[in-house]
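Here's the structure, in structure tokens; my notes come after.
The values are calculated or read from the model by the stated rules, or taken from the named source; none is laboratory data. Every value quoted in this text rests on a predicted model; they were computed, and no experiment measured them. Please note: Cβ atoms are built from the backbone with ideal geometry, for glycine as well, and neighbour counts cover all protein chains shown. Note: accessible area is taken over every heavy atom of the protein model, side chains too, but ligands, DNA and RNA are not part of it. Shrake-Rupley method; radii C 1.70, N 1.55, O 1.52, S 1.80 Å.
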Amino acid sequence: MEKRKIAFQTFGCKLNFAETSTLSRMFSPEEFEQVTHKEEADIYVIHSCSVTANAEKKTRAAIRHAKKLNPKSSVAVIGCYAQLRPHELMEMPEVDIVMGNREKYRLPGIYLNNDFKNLIDVDDSNIMKDMSYKSAYSSGDRTRSFLKIQDGCDYFCTYCTIPYARGKSRSSNIEEIINTASRIGKSGVKEIILTGVNIGDFGKNHGEKFFELMKELEKVEGIERYRISSIEPDLLNKDIIDFVAKSSKFLPHFHIPLQSGNNDMLKRMNRKYDREIFSRHVNYIKQVMPDACIAVDLIVGFPGETEELFRDSASFIKSLPVSYLHVFTYSSRPNTKAENMKEKVPGNIKKERSIEMHDISTRMRKVFLESQKGKTGHVLWESNLHGKYMQGWTGNYIKVKKPYDKHKVNTIETVKLEKLNNESFILE
Ligand code: SF4
């Protein structure tokens, strides 16, 4: 029988990418030929995201686009949007299969048995109790891999749907993760990005600690660099920061969600820390690693964010030695506490605040990049061609470009950062 062409498209977080890659490896190359989602395929698997209304809109557009590429194709939608509102997706005439976050790994079997019409396989009956865990890591990128170490979340921030889509906080164990990291190392990949939903919460269901995991990962042969994809402020601590400062493998690059610089707003969001804790972490990082990169998530326009509270938040953020911001405009999510909160911020005000915070971020990034001029960076060169250039990232997450040299792909080179062009350094 002729191989069927299958294409995967992923939206959202690094965890989704690790899981899509794992799922794609479960489709046997004897039966299936993998093509890109821009090509005509017999099967399209779309890994959805539901973190904002815009993410869902992109998922629906991708579904329509897939069916346009091949009207006879089968379209399967998996991931958080599928988990939270399967019927809404199945109402789309283009959709054939909708699978929940646990059920998605049954897809290869379903396509092998060819029984794939109007199938919804989403069991949300006990998603809040289920502790089953599926490991995952991404492959196919020569230089780095997303390694899943944790899933789910018990924090229930008032704006967030993820706990309802991914269930309770749970994780694999240190031994299993070390085995996977070794396997990734043997494949020639040099950098691992630790990913999950709330990775600092690693081990909550079995007693091991994230800090212990870091120490064991440091010993894995073949892997030269680790990035912590994101860590909650209340789970970051002096031990972790000191370990990164002394480590030859854990990179001085922190991504820490703050969400607001005002304590009243943090309470309304049900966040687990106040801004004083956040500021202490950031300043301690800069004390022990002055060149560290610190990226901060921020939400603007959350219900109740008056002009005064926004001003207070903005001035606190401007006082922090952080490198840049990820600015999100508050997007009301179904079934969250914030959905029913009063004092909604009008759309035009949200827009103005987003523009203002983006400007602050641009200025912060410029200061950070300028501070690196004349310094040394260790760049892991990637394989993609960008015009006549190749690019790579330093340990503290600075983009560097140089004329393409295929012998340098997937090697780590020590370079001098001198010529800054927009947001990357150029080596001639
Ligand atoms: S920590 Fe909060 S924002 Fe992050 S996944 Fe959990 S509930 Fe959502």
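Looking at the stretch 174-210 only, could you name the residues that are assigned to a helix (DSSP H, G or I) and within 20 Å of the chain's Cα centre (by Cα)?
Selection gives Ile177, Thr180, Ala181, Ile184, Ile199, Gly200, Asp201, Phe210.
The conditions are (1) more than 20 Å from Cys293 (Cα to Cα); (2) in contact with a helix residue (DSSP H, G or I) (Cβ under 9 Å, 6 or more places away or on another chain); (3) not acidic (Asp, Glu), and His407 fails exactly one of them. Which is it?
Answer for His407: the failing condition is (2).
Can you name the residue in the stretch 294-342 that is aliphatic (A, V, I, L, M), surrounded by 16 or more Cβ atoms within 10 Å (Cβ to Cβ) and in a loop (DSSP other than H, G, I, E, B) and, of all such residues, is nearest to the chain's Cα centre (by Cα)?
Val322
Those residues that are in a loop (DSSP other than H, G, I, E, B), open to solvent by less than 40 Å² (accessible area, probe 1.4 Å) and within 16 Å of the ligand (Cβ to nearest atom), I need them from the stretch 236-272; list them, please.
Leu236, Ser260, Met269, Arg271
What's the number of the only condition in (1) in the same structural domain as Val35 (by TED's automatic domain parsing); (2) among the polar types (S, T, N, Q); (3) away from the ligand (no atom under 16 Å from the Cβ) that Asn101 fails to meet?
(3)
If Asp121 meets every condition in (1) open to solvent by less than 40 Å² (accessible area, probe 1.4 Å); (2) among the acidic types (Asp, Glu); (3) free of Cβ contacts under 8 Å to residues at least 24 places away in the same chain apart from one, which number is that one?
Single failed check for Asp121: (3).
Of (1) open to solvent by 10 Å² or more (accessible area, probe 1.4 Å); (2) of a type in the set (A, V, I, L, M); (3) not in a loop (DSSP other than H, G, I, E, B), Met1 satisfies all except one. Which?
(3)
Among Tyr164, Tyr155, which is the only one that is open to solvent by 20 Å² or more (accessible area, probe 1.4 Å), outside the structural domain of Lys337 (by TED's automatic domain parsing), within 16 Å of the ligand (Cβ to nearest atom) and part of a loop (DSSP other than H, G, I, E, B)?
It is Tyr155.
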